[in-house]
Structures are given as C-alpha cells and as structure tokens.
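*Asks:* Quick one: the structure is below, questions incoming.
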Amino acid sequence: MSIDSAAVAALREERLDWRFKAAPLQATGVTVGGYLAGRPSLSEFGTPLLTLERRALDHNIATMARWVAAAGVSLAPHGKSTMAPALWQRQLAAGAWGLTLANVPQLRVARSFGVSRLMLAGSLVDPAGLAWVGAELDGDPGFSFSCWVDSARSVAIMDAALRQAGTVRPVDVCVELGAPGGRTGVRDADEAVAIADAVRAAPTLRLAGVAGYEGALGHDASTASLSAVDGFLKRMADLHGRLRYEVDEPIVTAGGSAYFDQVVEALGGVGARLVLRSGAYVAHDDGFYRAISPFSRGAGPVPLRPAMHGWARVVSRPEPGLALLDAGKRDLPFDEGLPEPQAVRGRGGSALAGARVTALNDQLTFLSVDAGSDLDCGDVVRLGLSHPCTAFDKWTLIPVIDDVEAPDPEVVDLVRTYF
C-alpha cells in the first residue's frame, strides 16, 4: 500500500497567504516549511482557530494500529474524516491496508497523492466518474479499487458506462447490505443474492465481497443499539456465506468508529479479509466519540485521546453571565454536541468554572459564565469539540501543536486539507 511521499512533502513548499484563514498575518508569503523552521508559538495565530495535538495523534494512530494487528483484521480508514494527505500518510505508514472515501472528488484527491488502494463506500453510478475510475485502473496496474452496489439498476448503469468508456480492467464490487431505517444498502438478503448474480453476469464488474455500515443503526452504547448492531452484522455474515465470488480473496467490510469491536467479533471468522473503515479515531473528540468509542468502553488497552481543539477569543461581555467568542458554526462542529469550554490560554480553567456553551451563531459562540467570572475581552478560550468529520472540512490549514496543556504551545506542523 503506497502514497506519493514526495507529493506530501511538497505541501511544505506551499506559501501561506489569505487563502488560509488559519495562517498568521506575519507569515504571508512564507512557505509552510520556512515558517515552521522558526518554531512558532500558538499565540502567533489569530482566532478563531482549530488545532491538532501531535501527542494525541501519535497515540491514536499507534493505538488503533496495534489493536487492528492483534485482531488480525485490516483497516482502510475513512479518509473523508480528515481529507488530509499528511495524516493519510501516517495512517498508511502505521499499517493501514488502504483508504476509504465517499465520492469521486475525494477519490481524485487521493489519486493525486498516489494512493494505490481505494474503496468507495457507496455506489458509483455517475458515468463520468465511472469512466475516470476505468481510466485510472487501465493506466495503473498497481491501482486497486472497489465500490458497492445495492440494486440491479446500479449494476446495469455501471456496466453500460464502463462499456461505453472502453474500460479493460473489471471494477471490483461489493454487494451492500442495509437495514430498515438505515442508509443505503439492499434490505432483503434474497435480493442481495440476485444483485450478486447480476454483478457476476456483467463483464465489466467482478464480485469481490459484502459491505455494510452498522453505525446507522445505533447512536449510543445502549443495550438496544448494541443489539441492533449485532443483529445486522449477523445478517452480513449470513449473506457472505451465500455468495460466490470472482476474486481469490473476498472482503467483508464494515466498521465505523463506534462499534468496530462488535464488527471484529461478529465477522472476524467468516473466511474473508475483514476490512474496518474507522476514520474518526485519528482525531477522536471531546464529545460523541469520547462516549461511544469501543476503547472508551473498555474494548482496547487504553482510551483514545482528543487531538482536536477549538480556540476562540472573547470579543464581548455584554452581560455579567455572558461572554461572546469569535468562533461560530463556520469554524467549529456543532452537529453532535456543542463545544466544551476547557481552559483560558495561559491561565488554566479557573476562569471557566461553571461555564458552558449554550449556542453557536454563524460567527459567534455564546458562553454562559458565572456572574463573578473574571473572564474578559481578549482572553482566548480553549474548547473541546465533538465530531471530527464536521470539523476538518471548515479548515484548509490546521496547526499541529506539541502540547495542548502548555501555556503557549509550540506549532510543529501545518496540516493541509482538501474538501
């Protein structure tokens, strides 16, 4: 499994300017590498800001890699969580089998950085996208690609488009199983078998496995959610046993970042390569995944650590119990829980006793504080965040700091994203 290390390294030659809202004004015109050579501090950066912590990233990548290796399964992390080639490179270097992505634009980013094994977590029925994939396969014998289908109609569309494009190499396809109330995926196992037969009959396609996403069936670690996930995974195992594949090593793929321990328990012995697609583990969080991650529930040796944080400056204290911060919905994730106030940069957490975020506007955070709090205009508040998948997309450049608890952390890297 490979990525173009030279292309990733070249990102350090990009010049900082107005295109990157995280870039310090004093760094305008300087290359990323040149700026980092001066060992800048976080206080040089304006607000609002999203950061990553190097120590947490290192811990999370290593922890997941060790767990996956011990379980004897493969990991194709969902690259859409970060869309950061530099982080993909680290995941692949730690042993990831490939990358998962969600749409053709994301696939194009990965191919631009030379990623050699990609899975599209869904059906590809766009003729232009299919022609592009076919050209990538025919032009690079070392490129491996697979996607999913959940209807006979999607099989027919793929076959017709690939024939029209003159694609020579067949496209590997997994039949996607779904569940009532879930997302995509065929709901009936007999229909799934018929779809598999249609794939086998299409000369441009090759039946390669079974896919599913259990995360849509639960949103917490309750008994009901865990039971629903187990039931779905049993159906996946049963379907796998009914199909006749056209590859030497079929794959079974499931596993987001919430229930991957159950995926391994249910599907680890079905006689196929089990591929997990967990992606949020890299950054983890101080919200949704903190509560639901298997490692938080004792499935791993140690918990993951939150690597991402928001930083916002107090711009107004219009009432004794209210502070307005200069970060909002355009800067911070809010769909899986509001940010958590953690500390004031350089002052610790004493000024935030009893504080909580009550709302986000487009550009402002409403922070409720004790009436006697000495939090003042100009103070910079560190915020714990929930849901990395809707955090990274708001930032094209993300500073990486060495220690989030330091009074003025050193910035050791700048991570480029492509959404």
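The values are calculated or read from the model by the stated rules, or taken from the named source; none is laboratory data. As the structure is a computational prediction, the values presented were derived from the model and not from experiment. Cβ atoms come from the backbone with ideal geometry, glycine included; neighbour counts cover every protein chain shown. Accessible surface areas use protein heavy atoms only, side chains included; no ligands, DNA or RNA. Shrake-Rupley method; radii C 1.70, N 1.55, O 1.52, S 1.80 Å.
*Asks:* Out of all the residues in the range 338-348, is one or more touching a residue at least 60 places away in the same chain (Cβ under 8 Å), open to solvent by 40 Å² or more (accessible area, probe 1.4 Å) and in contact with a Cys (Cβ under 9 Å, 6 or more places away or on another chain)?
*Replies:* no
*Asks:* Quick one: is Val199 modelled with pLDDT of 95 or more, in a strand (DSSP E or B), open to solvent by less than 10 Å² (accessible area, probe 1.4 Å) and touching a helix residue (DSSP H, G or I) at 6+ places or on another chain (Cβ under 9 Å)?
*Replies:* Details: modelled with pLDDT of 95 or more: yes; in a strand (DSSP E or B): no; open to solvent by less than 10 Å² (accessible area, probe 1.4 Å): yes; touching a helix residue (DSSP H, G or I) at 6+ places or on another chain (Cβ under 9 Å): yes.
No, not satisfied.
*Asks:* I would also like to ask the following. Residue by residue through the range 232-289, note down the ones that are open to solvent by less than 10 Å² (accessible area, probe 1.4 Å), part of a strand (DSSP E or B) and closer than 20 Å to Ile195 by Cα.
*Replies:* Answer for the range 232-289, where residues must be open to solvent by less than 10 Å² (accessible area, probe 1.4 Å), part of a strand (DSSP E or B) and closer than 20 Å to Ile195 by Cα: Val252, Thr253, Ala254.
*Asks:* So which helices (runs of 4 or more DSSP H) are wholly in the range 21-140 and hold at least 1 residues that are under 30 Å from Val381 (Cβ atoms)?
*Replies:* 32-36, 54-71, 85-93
*Asks:* Looking at the range 202-228 only, could you name the residues that are surrounded by 22 or more Cβ atoms within 10 Å (Cβ to Cβ), at pLDDT 95 or above and in a helix (DSSP H, G or I)?
*Replies:* The one that is surrounded by 22 or more Cβ atoms within 10 Å (Cβ to Cβ), at pLDDT 95 or above and in a helix (DSSP H, G or I): Glu214.
*Asks:* Continuing with the same structure: Could you go through the range 245-255 and let me know if any residue there is at pLDDT 95 or above, hydroxyl-bearing (Ser, Thr, Tyr) and within 24 Å of the chain's Cα centre (by Cα).
*Replies:* yes
*Asks:* Quick one: is Val193 under 18 Å from Leu124 (Cα atoms), surrounded by 15 or more Cβ atoms within 10 Å (Cβ to Cβ), in contact with a helix residue (DSSP H, G or I) (Cβ under 9 Å, 6 or more places away or on another chain) and not charged (D, E, K, R)?
*Replies:* Considered against the rule, which asks whether it is under 18 Å from Leu124 (Cα atoms), surrounded by 15 or more Cβ atoms within 10 Å (Cβ to Cβ), in contact with a helix residue (DSSP H, G or I) (Cβ under 9 Å, 6 or more places away or on another chain) and not charged (D, E, K, R), Val193 comes out as no.
*Asks:* Tally time: how many residues in the range 136-182 are farther than 13 Å from Ser123 by Cα, modelled with pLDDT of 95 or more and open to solvent by 30 Å² or more (accessible area, probe 1.4 Å)?
*Replies:* 15
*Asks:* Does Leu367 satisfy the criteria of being in a strand (DSSP E or B) and open to solvent by less than 10 Å² (accessible area, probe 1.4 Å)?
*Replies:* yes
*Asks:* Another question, then. Tell me, which residue of the range 99-120 that is buried (at least 21 other Cβ atoms within 10 Å of the Cβ) and among the aliphatic types (A, V, I, L, M) is farthest from the chain's Cα centre (by Cα)?
*Replies:* Val115
*Asks:* Just to be sure, is Ala192 among the aliphatic types (A, V, I, L, M), outside any strand (DSSP E or B) and in contact with a strand residue (DSSP E or B) (Cβ under 7 Å, 6 or more places away or on another chain)?
*Replies:* Judged against the criteria, Ala192 is a match.
*Asks:* Evaluate the range 309-327: report whether one residue or more is touching a helix residue (DSSP H, G or I) at 6+ places or on another chain (Cβ under 8 Å) and open to solvent by less than 20 Å² (accessible area, probe 1.4 Å).
*Replies:* yes
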